[in-house]
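This report refers to the structure that appears directly beneath it.
The values are calculated or read from the model by the stated rules, or taken from the named source; none is laboratory data. Owing to the predicted nature of the structure, the values given are computational and were not obtained by experimental measurement. Cβ: placed from backbone, ideal geometry, glycine included. Neighbour counts: every protein chain shown. Surface areas here come from the heavy atoms of the whole protein model, side chains and all, with no ligands, DNA or RNA. Shrake-Rupley method; radii C 1.70, N 1.55, O 1.52, S 1.80 Å.
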Amino acid sequence: QQEQQKADWRALDLNAEKREIDRLKAELDAHQNRDFDFTSSFARKSYEQETQRLEKEISDLKFKMYALRQELIAYKTAEIPETDGNICFFEEELNRNDMREIMNRGIEKCLGACAVFCGSDEAGYTFVAGSKSLNMTEIAADLRVKFGAKGGGSPEMIQGSVNATEAQIREYFRA
């Protein structure tokens, strides 16, 4: 439970970082779209310095957010038990790189497939799935037939989207 609290805290911290990056991007956009009188070198230099400051602040926050995401992924994947079967991992908000990172870590903990889904029952899910032992292109074909999934990949890894519920997807990977 303490590990879950740490993971929840990291997720909250990550959301705060996202909001701060969005705020700084808006500030930078407003700064860059302002009408400036560049007749003096002082005005031009001041504008360039402010732009550089905002860009550096955004870059620093993105780096911090990346580190927090990696830490959160480490906490979440540490909770995944080893299994002879498949692993299904669901999150509402992940980018493709995070999904692949979770999948790669999950593959090490299962003999079947590790599938990572991002989205919701209402909006549908994007997914990344991989395996060391199964032909994932066959899984992709089966997901197309059963759920109308879109996507593809290689025998080791597939990615795409599917309009099915979490319960339906979990049941599919249990079978």
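Hey, got the dipole for the stretch 57-175? About the Cα centre, +1 on K and R Cβ, -1 on D and E Cβ, debye to the nearest 20? List each step's numbers first, then the result.
Numbers: 14 positive and 19 negative charges, 63 e Å.
Its charge dipole is roughly 300 debye.
If a/c stays under 1.5 just call it rounded; otherwise compare a/b with b/c (prolate if a/b is bigger, oblate if not). Do that for the stretch 88-159, with a ≥ b ≥ c from the square roots of the Cα gyration tensor eigenvalues. Mind showing how you got there, number by number?
On the way: a/c = 1.89, a/b = 1.09, b/c = 1.73.
In terms of gyration-tensor shape, oblate.
Report ³J(HN,Hα) in whole Hz for each residue of the stretch 132-140, in order, from the Karplus equation J = 6.51 cos²θ - 1.76 cosθ + 1.60 where θ = phi - 60°; Gly and Pro get x.
Once θ is set to phi - 60°, the couplings for the stretch 132-140 become 8, 10, 9, 7, 5, 5, 5, 5, 4 Hz.
With an 8 Å cut-off on Cα pairs and a minimum separation of 6 or more residues, tell me the relative contact order of the stretch 25-173 in percent. The partial results should precede the final answer.
Values: 210 pairs, mean separation 23.8, N = 149.
Contact order relative to length: 16 percent.
Indicate the gyration tensor shape class of the stretch 50-175 (rounded, prolate or oblate), computed on the Cα atoms with a ≥ b ≥ c the square roots of the eigenvalues: a/c under 1.5 is rounded; otherwise a/b larger than b/c is prolate and the rest oblate.
Verdict is prolate for the stretch 50-175.
Which percent of the accessible heavy-atom area of the stretch 66-175 goes to carbon and sulfur, probe 1.4 angstrom?
50 percent
Taking every DSSP beta bridge that has both residues in the stretch 62-175, what percent is antiparallel when rounded to the nearest 5?
Among the beta bridges of the stretch 62-175, antiparallel pairing accounts for roughly 75 percent.
Calculate, for the stretch 101-142, the solvent-accessible area per residue in square angstrom, rolling a 1.4 angstrom probe over the heavy atoms of the protein chains.
40 Å²
Please list 3J(HN,Hα) in residue order for the stretch 144-155, calculated via the Karplus relation 6.51 cos²θ - 1.76 cosθ + 1.60 where θ = phi - 60°; whole Hz, with x for glycine and proline.
Running phi through 6.51 cos²θ - 1.76 cosθ + 1.60 with θ = phi - 60° gives 5, 5, 6, 10, x, 4, 10, x, x, x, 10, x Hz.
What percent do you get for the relative contact order of the stretch 58-113 when only Cα pairs under 8 Å and 6+ apart count?
Once divided by the residue count of the stretch 58-113, the mean separation gives 46 percent.
Once you list every other residue whose beta carbon is under 13 Å from the beta carbon of ASN95, what net charge do they have if Lys and Arg are +1 and Asp and Glu are -1?
Values: positive: LYS18, LYS62, ARG69, ARG96, ARG100; negative: GLU91, GLU92, GLU93, ASP98, GLU101.
Taking every other residue near ASN95 into account, the sum is 0.
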